[in-house]
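Trainee: I am attaching a structure below and will ask some questions about it afterwards.
The values are calculated or read from the model by the stated rules, or taken from the named source; none is laboratory data. Keep in mind the model is a prediction, meaning the values are calculated, not measured. With ideal geometry, Cβ positions are generated from the backbone for all residues, glycine too; neighbour counts draw on all protein chains shown. Each accessible area value is taken on the protein alone, full model and side chains, heavy atoms only, with ligands, DNA and RNA left out. Shrake-Rupley method; radii C 1.70, N 1.55, O 1.52, S 1.80 Å.
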Amino acid sequence: ISAPLLGQSTQYVIEQYTGKISGFESLYATYSFEVRGGDGTLQFSTDGEFFSEGDNFLVKTGYSDIYCDGESKYIYDKGSDEVIVVGHNTNDVNMSENPFSILRRGVAPYEYPARPKVVMYEGQECYLVNLVPKAKQADHTSVDVIVTKSGFELRSISYKSRKGDTYTAKIRSVTEGSLKGGSFYRPDYDSLGDVYVNDLR
């Protein structure tokens, strides 16, 4: 039976959207981020920018900037003028810190159905790929990735935590960015002014 009759396989869809992202030496994305409780109530929302090169990334939002140079993370809390420095685990998929981590990490730690769902998302026909972590101790129970059927463009990444909260990044744009270099992914303390640095490494 031909593929058009059956529809695309989930593996094929994953290969298409991850292939587009992994082809970028540097990635730049804009998105809106929200957290909803188990009852669907909106608990938090913000707009964000995301930059990455390999294991380096920078997340900029209205309330915090998170820098990662591949070895350490520098979490700048703008409200308290504090920078918390912690070690970085390249396998970490903390949605609130790096909503695109699953695209870099790959889907080997996840199980998924043979065929994706087809859904309407913001007026476009899209594929919904449901990923369930194989590790039962993972801090999330599932990840939903939504991409367009035409072009496999990323539209949404949504994590459901074991506590029942849902963390969603609604993607506005994903493009190949310009190469920034290592210092871009570490905070410039002189430009931040009078901040307290709490190094927990």
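Trainee: From the list TYR167, TYR159, TYR127, exactly one residue is modelled with pLDDT of 95 or more, under 29 Å from GLN43 (Cα atoms) and in a strand (DSSP E or B). Which is it?
Mentor: Working: TYR167 fails: modelled with pLDDT of 95 or more; TYR159 fails: modelled with pLDDT of 95 or more.
Of the residues listed, the single one that is modelled with pLDDT of 95 or more, under 29 Å from GLN43 (Cα atoms) and in a strand (DSSP E or B) is TYR127.
Trainee: Could you list, in sequence order, all residues of the range 14-29 that are open to solvent by less than 70 Å² (accessible area, probe 1.4 Å), not in a helix (DSSP H, G or I) and not hydroxyl-bearing (Ser, Thr, Tyr)? Before you say what the answer is, go through the steps one by one.
Mentor: Just the residues of the range 14-29 that are open to solvent by less than 70 Å² (accessible area, probe 1.4 Å), to begin with: 14, 16-19, 21, 23-24, 26-29.
Remaining after also requiring not in a helix (DSSP H, G or I): 23-24, 26-29.
Once the filter is applied, which keeps residues that are open to solvent by less than 70 Å² (accessible area, probe 1.4 Å), not in a helix (DSSP H, G or I) and not hydroxyl-bearing (Ser, Thr, Tyr), the range 14-29 yields GLY23, PHE24, LEU27, ALA29.
Trainee: Restricting the first residue to the range 186-201 and requiring it to be in a loop (DSSP other than H, G, I, E, B), which pairs with a second residue that is open to solvent by 50 Å² or more (accessible area, probe 1.4 Å) meet a Cβ separation below 8 Å and a spacing of at least six or different chains?
Mentor: GLY193/ASP81; ASP194/ASP81; VAL195/ASP81; VAL195/TYR189; LEU200/ILE84
Trainee: Return yes when ALA138 is outside any strand (DSSP E or B), small (Gly, Ala, Ser), modelled with pLDDT under 95 and surrounded by 15 or more Cβ atoms within 10 Å (Cβ to Cβ) and no when it is not.
Mentor: Numbers: outside any strand (DSSP E or B): yes; small (Gly, Ala, Ser): yes; modelled with pLDDT under 95: yes; surrounded by 15 or more Cβ atoms within 10 Å (Cβ to Cβ): yes.
Taking the combined requirement at face value, the residue satisfies it.
Trainee: If you take the residues of the range 46-97 that are open to solvent by less than 60 Å² (accessible area, probe 1.4 Å), assigned to a strand (DSSP E or B) and of a type in the set (D, E, K, R), which of them is nearest to ARG201 (Cα to Cα)?
Mentor: LYS73
Trainee: Please go through the range 141-154 and pick out each residue that is surrounded by 21 or more Cβ atoms within 10 Å (Cβ to Cβ) and in contact with a Cys (Cβ under 8 Å, 6 or more places away or on another chain).
Mentor: Answer for the range 141-154, where residues must be surrounded by 21 or more Cβ atoms within 10 Å (Cβ to Cβ) and in contact with a Cys (Cβ under 8 Å, 6 or more places away or on another chain): ILE146, VAL147.
Trainee: May I ask you to verify whether SER32 is part of a strand (DSSP E or B) and in contact (Cβ under 8 Å) with a residue 24 or more places away in the chain?
Mentor: Working: part of a strand (DSSP E or B): yes; in contact (Cβ under 8 Å) with a residue 24 or more places away in the chain: yes.
Against the criterion (part of a strand (DSSP E or B) and in contact (Cβ under 8 Å) with a residue 24 or more places away in the chain), SER32 qualifies.
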